[in-house]
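The values are calculated or read from the model by the stated rules, or taken from the named source; none is laboratory data. Note that the structure is predicted; figures quoted are calculated from it, not measured. Cβ placement follows ideal geometry from the backbone for every residue including glycine, while neighbour counts extend to all protein chains displayed.
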């Protein structure tokens with residue numbers, strides 16, 4: 001299983017991705033599901049970095065266009 005498969009499995013069960021942090025917290029308590037916890041944390045980190053990077057790129061493009069550098 002990877003992050004995309006995890007997201008799809010949650011969506012198929014009607015669980016919104018916004019609850020991934022709570023799910024990861026619950027998974028951290030179950031030793032047998034440590035692999036799934038690692039996938040959930042990696043997915044959380046990936047989504048966070050994507051969000052930060054997108055905002056950074058938007059600000060950079062706005063600054064670039066404001067100075068006629070586009």
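With 44, 33 as the choices, which residue is at pLDDT 95 or above, surrounded by 10 or more Cβ atoms within 10 Å (Cβ to Cβ) and under 11 Å from the mean Cα position of the chain (by Cα)?
None of the other options fit; the residue is 44.
Can you pull out every residue in the range 22-68 that is outside any helix (DSSP H, G or I) and within 18 Å of residue 1 (Cα to Cα)?
Within the range 22-68, 28, 30 meet the criteria.
Give me the pairs: first residue in the range 45-62 and in contact (Cβ under 8 Å) with a residue 12 or more places away in the chain and at negative phi, second residue surrounded by 10 or more Cβ atoms within 10 Å (Cβ to Cβ) and assigned to a helix (DSSP H, G or I), beta-carbon distance under 9 Å, and six or more apart or on different chains, which are they?
46/3; 47/3; 47/17; 47/20
Working only within the range 3-21, note down all residues that are more than 13 Å from residue 36 (Cα to Cα) and either in contact with a strand residue (DSSP E or B) (Cβ under 8 Å, 6 or more places away or on another chain) or in a helix (DSSP H, G or I) (or both).
8, 11, 12, 17, 18, 19
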